[in-house]
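To keep things clear, I will list the structure first and then write my remarks on it.
Since every read-out is calculated from the coordinates, none of them should be taken as a lab result. Nothing here was measured: the structure is a model prediction, and the numbers come from that model. Glycine gets a Cβ as well: all are built from the backbone with ideal geometry, and neighbour counts include every protein chain shown.
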Amino acid sequence: MKITSWYIRLFFCLIPLLSFTENEERKSTGSKTAYRELPSIFIMDKGAKPVQSLYSFFYKYNLEADSAFLINLIRTYIKEAELEGINYEVAFCQMCLETGFLRFSGSVSRFQNNFCGLGAVNAATAGDWFNSVEEGVRAHIQHLKAYASVEPVKTELVDKRFHKVRRGLAFTIFDLAGRWAMDPHYGSKISYLLKRLYEE
């Protein structure tokens, strides 16, 4: 009886330790957690980096961007992404990739408020237009949610292509290759930018 009681006590003492180890492993792999040392590859997730880190990361690639515009853009991404449960770090890095860090050297112009190439299926297609920065960011976040979840959006639907997406097929950034973009290295390019962001 004494030996049995000792084993029971030992078991209950180990439960918190096992839970702690599991949580630490999640942090080390960049899995779903509010605080991370490594970036998360999940689209439906929480961002962890503050505004200043996103701002400093961006300026490593484009020193000519308007500072006030960039701050507003970052805050809008964080706000809209958190409303829908989207990882704003993924969305922001995807924006940087799609726009060439707001240089807009492709078929989409800076006046379209289209930060993710929505509707720009080839070099000759300009893509969708949005009335404001906020609307353009919201469309981007909603389109990511269309791919990553089967849940409805919580904000007014502004993504004209939302219902054209086959829902819930892209849980990570790597699942976007061949869906969001035909580039087989599309997810790896976003992953590279996320890693650079986490160097801040």
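The set of residues in segment 53-79 that are within 23 Å of Arg36 (Cβ to Cβ), part of a helix (DSSP H, G or I) and in contact (Cβ under 8 Å) with a residue 60 or more places away in the chain comprises Ser53, Leu54, Ser56, Phe57, Leu73, Thr76, Tyr77. For segment 83-101, the tally of residues that are within 10 Å of the chain's Cα centre (by Cα) and in a helix (DSSP H, G or I) stands at 8. Checking segment 131-148 against the condition returns a match, with at least one residue being among the hydroxyl-bearing types (Ser, Thr, Tyr), assigned to a helix (DSSP H, G or I) and either closer than 18 Å to Asp183 by Cβ or touching a residue at least 12 places away in the same chain (Cβ under 8 Å) (or both).
In this structure, is Leu83 under 22 Å from Thr155 (Cβ atoms), buried (at least 21 other Cβ atoms within 10 Å of the Cβ) and touching a helix residue (DSSP H, G or I) at 6+ places or on another chain (Cβ under 9 Å)? So that I can check it myself, show each step before the final result.
Details: under 22 Å from Thr155 (Cβ atoms): yes; buried (at least 21 other Cβ atoms within 10 Å of the Cβ): no; touching a helix residue (DSSP H, G or I) at 6+ places or on another chain (Cβ under 9 Å): yes.
Considered against the rule, which asks whether it is under 22 Å from Thr155 (Cβ atoms), buried (at least 21 other Cβ atoms within 10 Å of the Cβ) and touching a helix residue (DSSP H, G or I) at 6+ places or on another chain (Cβ under 9 Å), Leu83 comes out as no.
Within the span defined as segment 119-131, one or more residues are under 20 Å from Ile71 (Cβ atoms) and aromatic (Phe, Trp, Tyr). Could you tell me whether Val121 is buried (at least 16 other Cβ atoms within 10 Å of the Cβ), out of contact with any strand residue (DSSP E or B) (no Cβ under 8 Å at 6 or more places or on another chain) and over 22 Å from Leu197 (Cβ atoms)? Judged against the criteria, Val121 is not a match.
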